[in-house]
Amino acid sequence: MSNSTSTSLNHTENIAVSAILAIVGIFGLLSNITAIICVRQNPVLRNGFGLLCFSHSMANLGVMLVFLLWVTPMTLLQSDLSMQLVGKVFGQINIMFWDVCVYSHLLISINRIVALTSPHRASDLFDVRRTLCLVALVWFMGFCHVIPYFWNDHCYIQYDATQWVFIFADTPCGFVISTYTDNYTSSAVLIVILVLDFTTLIKLRISNNVLTTGQMGSVSLHVYKKRRHTEIRFFMQTLYQNALFFYEMSNFYYVSLMFTNQWAVFMTSTFPWEVCHALDGFIVALFHFHFSFIGITPKAQATTVNEFRRDRQTSEAKGISPRSHISSKSSPTRIVGKF
C-alpha cells in the first residue's frame, strides 16, 4: 500500500470516527438537556431523588460538552493541540465529571434502597436540605479526584487524536491516578452499587409477598400500591442507568485491553465512555417526559379538562355553585342540635 493510499485511508477513518463522536455527542447533549428539563418540571421529582437525578444529568452534560467541543474537533483536525496543556485541562475536567457521575450512581442506589426498605424515613433522610449537602459532597469528591492533575507535568490524562483514545501519563503519578484513584475506586463503587441493587430486588420480592397475602387494610393497601408503583419505576430507571455504568466500566478498564486493533480499542474505550453518558440522559427523559412540559396537552387529558369546564358552566347556568355541588355529593350531612 502506497503512502498516499494509507494517508487517504487514515483521513477517511478520522472523518468516520469524528462523525460517530459528533452524532453521539449531539444526541447526548439533547438527551441530557431534556432530562434536566423533565426533572425540573415533573412534580413527582421535587424531592431528594429528583435532586440527585438533576445533579447526575448535569455531570453527564459536562461529559457531553467535552466530547462534542474538544474530542470531536481534535479527531477531525488531527491537531497536536490535543497533546498540549489545553488537552490536559480538558482531560482533567472530563475526569471530574466522570467521578461525579460515579458517586451520583452510588447515591441514587442508596436512595432507592432506603425508599423501599424504610419508606417512612426516606423523606427525612433524603429531604431537600440533606440531599443538597450530599450533592455538594459528591461534586467536592469529584474535584478532589482531579487535584493531582494540577501537577500536569507528571499527572494528567489527555486525548490522543491519532489513536482515538484517552491516555494517562506514563509516569509513576500517572500509574497511581489511573490505577488507584480511577480504576480501583470506580470498581469498588460499582461493586457496592451491585450489592445495593440486588438487596433492593430482594426487598421488592418480599413486598410482593406482603401484597399477595393481603396483610393490609383496603385504604392502606391502595396507598401502599400507589407509592410502591412510583418507587419501582424510579428503581427501574436506576437499574438501567447502573447497567450502562457497568457496560462503560467493564469495557474501558478490561475489555479494551484485549484488543490491539485501533477500531476495536476505540469501540471498547472511547465510544462506551461517550455513549454511556448520552444514553444516561435518554433514560431519565424516557421515564419522566410528559408532553405538557413543552406545552402539548394529551388528547385524553384535554377531553377531561373540557368535560370539567362544560359541567361547571352547566352548574353555573342552573344557579348551583360548583363547590357546593361537589360538597353535597362527597360530604355527609351534619345535624347540629341538643340531644
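Any read-out appearing in this document is the output of simple, stated calculations on the displayed coordinates, not a laboratory observation. The structure presented is a predicted model; accordingly, all values stated were derived computationally and were not measured. Virtual Cβ from ideal backbone geometry, glycine too; neighbours counted across all protein chains shown.
Calculate the spin-label point distance for I33 paired with M258, positioning each point 7 Å from the Cα along the beta-carbon direction, and give it in nanometres.
Here the answer is 3.8 nm between the modelled labels.
With labels modelled as points extended 7 Å from the Cα through the Cβ direction, what inter-label distance (nm, one decimal) is found for L286 paired with F140?
3.5 nm
Label points 7 Å out from Cα along the Cβ direction at I191 and K203: separation in nm?
A separation of 2.2 nm, rounded to one decimal place.
In whole Hz and in residue order, list the ³J(HN,Hα) couplings for segment 79-89 that follow from phi through the Karplus curve 6.51 cos²θ - 1.76 cosθ + 1.60, θ = phi - 60°; x for Gly and Pro.
7, 6, 4, 5, 9, 9, 4, 4, x, 5, 5
For V44 and L239 in the same chain, what is the full-extension length gain: residue separation times 0.36 nm, less their Cα-Cα distance, in nm?
68.3 nm
Would you grab the residues whose amide H sits under 5 Å from the one on D160? Only those 5+ places off in sequence or on another chain, please, with H modelled 1.01 Å from N.
Under 5 Å from the amide H of D160: V165, F166, I167.
Taking 30 Å as R0, compute the FRET efficiency from the Cβ-Cβ separation of I147 and T117 and round it to 0.05.
0.25
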